Amino acid sequence: MFNSSASFKTAELKDHVSIWNECLKAIKPNVTQMTFNTWFLPIIPLELTDSLLKVQLPSQFFWEWIDEHYNTLITKTIHEILGGEAKLAYVINEEEEPAETKYSLDNAKHALSADSPLVEEKKQEFESYLNPRYSFDNFIKGEGNQLARAAASAISDNPGGTSFNPLFVYGGVGLGKTHLIQAIGNKILNNFPDKKVIYLSTDIFTVEFVEAIQSNKVNEFSNFYRNMDVLIIDDIQFLIGKEKTQDLFFHIFNTLHQSQKQIILSSDKPPKDLKGLDDRLISRFQWGLTADIQPPDLETRIAILKRKAEDYGMTISGEILEYIASSITSNIRELEGCLIKLLANASLSSKEINLDLAKKTVKEIATDRKINITIENITKTVCSFLNIDENKIRDKTRKKEIVLARQIAMYLSKDLTKSSLKTIGLHFGGRDHSTVIHACTTIEEFQQTDKSLRELLSSLKTKIELSST
Ligand code: ADP
Ligand code: MG
């Protein structure tokens, strides 16, 4: 008692900076260098009045982390240095303004004892990665997307509060999954500007996670996502084969779900068909609502084309719209691509948009489908998917998994590009065309009996098509 009031007296003679430096000195031996640099050095002392020390933290997330992990240590330290009566007030720096001008009486209201620091709830600044182009307004309704769209709309008005948690949207390439799940994010931000909404593809999530591992920041990474109100992850099928990322995602999922935060996922197939994904995840994906998006019928395709044409400021006759919509049937991205190409063809040849030009354009689209996909792209995708060094696929290695990867890449090159057998062989370390034929027949045969190979090929195709448009 005596001791602490004595130290309190000396403290009074000191300013906030030297007091905080003393605290840092006391804290340092109790934590690792990394923790100290990450969580304590960024704290800025602002002011000391009586036994109240005000410090500034860089973000809400930062505060939550500190509160959860170092509250006891900080309380103990503050009491040692400033006395048992000492209190700590946190101010969160959300804007770029200098700390001093930000501090106000309002913040002071939140000054509590260091035992239970409280800060003003404020929205954290970060990039949501949502593309504002995707809205409900320009998402055309159709039979094929009815359920998914209705659920998406319900969620936008009540994120985390419906039984559609998670919302799991699945369907083929170019059918509007990304559009729909981003529309939810945009609408939620519009309805509830304070909600923390983030959208990202599974690939970006995985890359960020790997970077976090390399820089020793897995906890920060995980906590960042656990702190979201709405987490939207696209193409979740790409978690297959990534055990560590799956494991981390499992924990993030649980935290968010338990605290009734909204989770929205998309995939190219329903959860039960995501072979190779942790069973715990598959079962969780089915907790909420699983909704498919089916290819649009002719009527919907015409409506979509009409809307897109309007958006581009084009006037196109009903006959031409119908022709395009009947020719391109399985992919809305291609429908859109056809319109853009039609517009380009018309302006290049300074011709009117007529049926002949539409026919020519539709033909070109069919050829583009193959031209856009390159052997390089296929090789890259196969290697990254199977975790194989790209150089190995080209050299002489006869290791089983490399041979298989090479054969798969050759097979897909034959299937998805217009390249000759000779060209394909050259791309894989100058191999003979007969080697390519052998690879293709081997994969063909395997496929007949091996369901997991079929699924692997289908995932790879999706990925290649996605990265080639
Ligand atoms: P996916 O993620 O399923 O591969 P996208 O969401 O990327 O497909 O959709 C491909 C393109 O088609 C996008 O430009 C999107 O805006 C458009 N699109 C898809 N569905 C619709 C729809 N129902 N109404 C309007 N545009 C759509
Ligand atoms: Mg998509």
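The values are calculated or read from the model by the stated rules, or taken from the named source; none is laboratory data. Predicted model only: the values in this text are computed from it and were never measured. Note: ideal-geometry Cβ built from the backbone for every residue, glycine included; neighbour counts use all protein chains shown. Accessible surface is based on the protein model in full, side chains and every heavy atom, while ligands, DNA and RNA are left aside. Shrake-Rupley method; radii C 1.70, N 1.55, O 1.52, S 1.80 Å.
Taken along the Cα-to-beta-carbon direction at a fixed 7 Å, the label points for E444 and K380 span 3.0 nm.
Projected label points at T315 and K400, each 7 Å from Cα along the beta carbon direction, are separated by 6.7 nanometres. Largest to smallest in accessible area, the residues T367, T35 fall in the order T367, T35 (1.4 Å probe, all protein chains included). Here the 3J(HN,Hα) profile of region 176-187, calculated from phi with Karplus coefficients 6.51, -1.76 and 1.60 at θ = phi - 60°, is x, 5, 4, 4, 5, 6, 6, 4, 4, x, 4, 5 Hz, Gly and Pro shown as x. Let me know the shape class of region 297-388, please: from the alpha-carbon gyration tensor, a ≥ b ≥ c as square roots of the eigenvalues, rounded when a/c is under 1.5, otherwise prolate if a/b is greater than b/c, or oblate. The shape class here is prolate.
From helices alone, the chain scores -17500 deg cm²/dmol at 222 nm; the rule is -39500 (n - 2.57) for each run of n ≥ 4 DSSP H residues, then divide by the residue total. Just to verify a number: FRET efficiency for K359 and D137, C-beta to C-beta distance, R0 = 41 Å, to 0.05? Between K359 and D137 the formula returns 0.80.
Solvent exposure of the chain amounts to 49 Å² per residue of accessible area, where only protein heavy atoms count and the probe is 1.4 Å.
May I ask for the Kirkwood hydrodynamic radius of region 130-284, worked out over all distinct Cα pairs and given in angstroms to one decimal?
Evaluated on region 130-284, it is 15.7 Å.
Pull out the extension gain between S434 and E127, defined as 0.36 nm times the separation in residues minus the alpha carbon to alpha carbon distance; nm, one decimal.
Length gained between S434 and E127: 105.4 nm.
For the residue pairs K195/K269; K396/K422; K187/K463; K306/K461; K414/K463, alpha carbon separations beyond 23 Å are given by K195/K269; K187/K463; K306/K461. Normalising the Debye intensity of region 375-467 to I(0), with uniform scatterers on Cα atoms only, and taking log10 at q = 0.20 Å⁻¹ returns -0.93. Amide H contacts under 5 Å for A291: F168, V169, Y170, restricted to partners 5 or more places along the chain or on a different chain, H placed in the peptide plane at 1.01 Å from N. Of the solvent-accessible surface of the chain, computed with a 1.4 Å probe and all protein chains present, 52% belongs to carbon and sulfur.
What is the gain in length, in nm to one decimal, between Q294 and S350 on full extension, counting 0.36 nm per residue of separation less the C-alpha to C-alpha distance?
Length gained, Q294 through S350: 16.4 nm.
For GluC sites (Glu not before Pro), the sites in region 319-383 that DSSP calls loop and that have at most 12 other Cβ atoms within 10 Å are E352. What residues of region 428-469 lie in the reach of a label at N372, counting those whose backbone N is under 15 Å from a point 7 Å from the Cα along Cα→Cβ? Answer for region 428-469: 461-469.
Taken over the chain, the convex hull of the Cα atoms encloses 191 Å³ per residue.
Applying the Karplus relation 6.51 cos²θ - 1.76 cosθ + 1.60 with θ = phi - 60° to region 282-294 yields 3J(HN,Hα) values of 4, 5, 5, 4, 9, 5, x, 10, 9, 10, 9, 10, 9 Hz, where x marks Gly and Pro.
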